[in-house]
Amino acid sequence: MEAILPIERWTLVDMVRAQAQRQGDRVFVEFLEGGSLTFAGLHDQSDRFATALAELGVEPGDRVLALATNSAEFLVAMIATHKRQAVFTPINTELKGAFLEHQVRNSEPRVVIVDAGLAPLFDQVNTDGVGVEHTIVIEDGPDLPDPLPAALASTTMRTWAEAVEGVSTQPAAVLSADPTDVCTIMYTSGTTGPSKGVLMPQGHCTLFAVGAARATSLTEDDHYFVCMPFFHANGLFMQIWAALVAGASATASKRFSVSNWLEDVIACEATVTNALGVMPEFIFRSPADPRDRSTKLTRVMAVPVAEEWGAGFEERFDVRLVQGFGMTEVNMIAYSDPTDPVLPGCAGRVYDDFFEVVIGDPETDAALPPESIGEILVRPKVPFFFNVGYYKMDDKTVEAWRNLWFHTGDAGRMDAEGRLWFVDRLKDRIRRRGENISSYEIEQVVNEHPAVVESAALGVKVEGAGGEEEVKLCVVVDGEVDPVELLDYCAPRMPRYAVPRFVEMVGELDKTPSGKVRKQAMRDLGITDTTWDRESVGYVVPR
């Protein structure tokens with residue numbers, strides 16, 4: 001796919017305007033729960049809402065926070081905020097209490113946009129001194145709580161309809177956009193500490209979309225099925241806005257449902273979709289259906305792909321899997337070649353028009369030779385097509401940018417052919433008796449057990465280990481599984497040093513909405529009264 005605009009006009013504002021002229025009243029996105037937007041409608045409605053924001057006093061640089069599920073209003077609000085040269089701040093819809101308060105207080109929004117059904121999440125949020133002036137409520141079905149949370153009751157309240165009622169577009173309210181403009185703050189999932197607000201310029205946001213559209217060879221004939229949240233970079237930039245820049249259409253759902261996935265894909269006649277984290281494996285392990293190979297799907301972007309199910313997924317659904325590597329801060333820096341056979345764990349070749357990537361020694365940042373495992377280090381070749389820091393967290397920005405490289409915190413390797421391979425999160429790698437163990441690889445073996453629903457492997461400190469770790473497995477099972485039987489299953493399927501010493505049966509794994517397991521909380525718990533220790537029964541892993 002060739003971009004419809006020259007790189008100096010790579011902004012989402014310009015892309016929306018250009019596609020409104022090219023596509024007109026053609027439907028851009030439909031929502032399974034109701035509502036739709038045409039290409040021209042997105043442009044016109046965002047002009048109108050930008051005027052409404054101007055009338056509320058929103059100025060360039062102000063933050064507009066959105067706690068909202070996938071909807072037409074979400075997309076209109078985002079582009080309208082950009083048209084005011086303000087900063088759109090989408091928030092995870094599962095946050096509450098201190099987690100939500102941190103992001104509200106860190107971003108200091110002037111305006112809050114919230115689904116009526118999500119308003120109760122502000123019950124335990126203290127916004128004193130934050131400076132929130134206005135709340136705009138998206139009437140998504142549920143009524144507003146009565147009484148209102150104090151954080152919202154202290155602001156001027158309007159429904160979405162009231163905010164735009166009688167407002168006609170004022171040209172002075174709709175400002176131009178430049179790739180250098182910081183237009184979005186997107187918070188990291190905060191699995192290892194307070195979440196950080198990534199400062200994302202227009203160029204960075206647009207490259208996410210253009211890169212994904214190119215990697216999946218999107219055209220105007222394609223239809224994207226989007227079942228990931230818009231507050232996540234994958235759902236928003238790599239699917240919705242990728243469809244926009246390619247002139248493709250889309251169907252969006254508010255949430256992923258493994259039981260409804262095939263039905264939804266068939267109903268909307270999707271040709272492409274994305275699945276992140278545990279999603280593709282859950283889809284693959286769902287019951288077979290006679291219609292599995294009868295959809296119009298041809299490509300699925302899935303990260304990560306495991307050897308245990310990658311080829312089987314392609315065969316079962318008659319699709320090509322596209323892999324990649326990226327994160328909110330750095331964009332997508334590599335994509336697999338859709339003409340290559342699926343190589344589990346291989347992110348593909350570096351997108352070297354825009355990025356320089358090396359595998360560095362985690363201690364010194366010195367570049368390592370091919371096939372060596374180290375930290376994936378990245379820096380941009382084009383200014384403002386990369387994050388420009390963490391909002392009001394200068395220390396974290398400096399820490400991430402040591403030695404003029406952005407540190408991803410991910411372990412990887414570069415093969416002799418120049419392809420990037422993801423190995424694990426550095427902090428999720430387990431160091432035991434001189435061996436570096438990939439938690440991901442342990443989990444893939446364990447998840448093949450017929451009674452295992454999902455698992456998380458992590459390193460825990462134990463007395464007498466000399467600073468190294470033992471492997472603990474947290475596992476969700478269907479029914480009852482004896483830990484000894486589980487280790488008997490693991491022992492012939494993984495290196496001896498990787499067989500877990502500790503096993504904890506849990507009802508569920510705590511995850512972020514993007515499918516990442518919150519492992520830090522499990523590490524903090526360490527060994528509990530319900531943790532089974534193989535040494536307590538004299539279990540010896542056979543050689």
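Evaluate the following for ASN106: is it of a type in the set (S, T, N, Q) and within 19 Å of SER46 (Cβ to Cβ)?
no
Give me the pairs, please: first residue somewhere in segment 155-179 and more than 29 Å from CYS205 (Cα to Cα), second residue anywhere and modelled with pLDDT of 95 or more and part of a loop (DSSP other than H, G, I, E, B), beta-carbon distance under 7 Å, and either six or more positions apart or on two chains.
THR155/VAL132; THR155/GLU133; THR156/GLU133
Okay, residues lined up against (1) charged (D, E, K, R); (2) closer than 24 Å to ASP140 by Cβ; (3) outside the structural domain of ARG17 (by TED's automatic domain parsing); (4) buried (at least 24 other Cβ atoms within 10 Å of the Cβ):
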{"site": "ALA209", "(1), (2), (3), (4)": "no, no, yes, yes"}
{"site": "SER217", "(1), (2), (3), (4)": "no, no, yes, no"}
{"site": "LEU236", "(1), (2), (3), (4)": "no, yes, yes, yes"}
{"site": "GLY247", "(1), (2), (3), (4)": "no, no, yes, no"}
{"site": "LEU262", "(1), (2), (3), (4)": "no, no, yes, no"}
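Per-residue answers, yes or no, for (1) of a type in the set (Val, Ile, Thr); (2) over 30 Å from VAL226 (Cβ atoms); (3) modelled with pLDDT of 85 or more:
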| site | (1), (2), (3) |
| --- | --- |
| SER455 | no, no, yes |
| VAL460 | yes, yes, yes |
| GLU463 | no, yes, no |
| VAL471 | yes, yes, yes |
| ALA498 | no, yes, yes |
| PRO513 | no, no, no |
| LYS519 | no, no, yes |
| MET522 | no, yes, yes |
| ARG543 | no, yes, no |
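Could you list, in sequence order, the residues of segment 286-307 that are under 12 Å from VAL342 (Cβ atoms) and loosely packed, with under 15 Cβ neighbours inside 10 Å?
Selection gives GLU307 alone.
Yes or no, residue by residue, for (1) of a type in the set (A, V, I, L, M, F, W, C); (2) surrounded by 13 or more Cβ atoms within 10 Å (Cβ to Cβ); (3) assigned to a strand (DSSP E or B):
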site	(1), (2), (3)
PRO344	no, yes, no
THR364	no, no, no
ILE376	yes, yes, yes
ARG379	no, yes, yes
PRO383	no, no, no
ASP395	no, no, no
VAL398	yes, no, no
ASN403	no, no, no
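Within segment 304-316, identify whether any single residue is outside the structural domain of PHE422 (by TED's automatic domain parsing), of a type in the set (Gly, Ala, Ser) and in contact with a strand residue (DSSP E or B) (Cβ under 8 Å, 6 or more places away or on another chain), and answer yes or no.
yes
Is there any pair linking a residue in segment 77-93 that is at positive phi to one that is in a strand (DSSP E or B) and surrounded by 24 or more Cβ atoms within 10 Å (Cβ to Cβ), with Cβ under 9 Å and at least six apart or on different chains, and which?
Note: pairs meeting the criteria are GLN85/CYS183.
The values are calculated or read from the model by the stated rules, or taken from the named source; none is laboratory data. What you are looking at is a predicted structure, and each value in this text was computed from that prediction instead of being measured. Glycine gets a Cβ as well: all are built from the backbone with ideal geometry, and neighbour counts include every protein chain shown.
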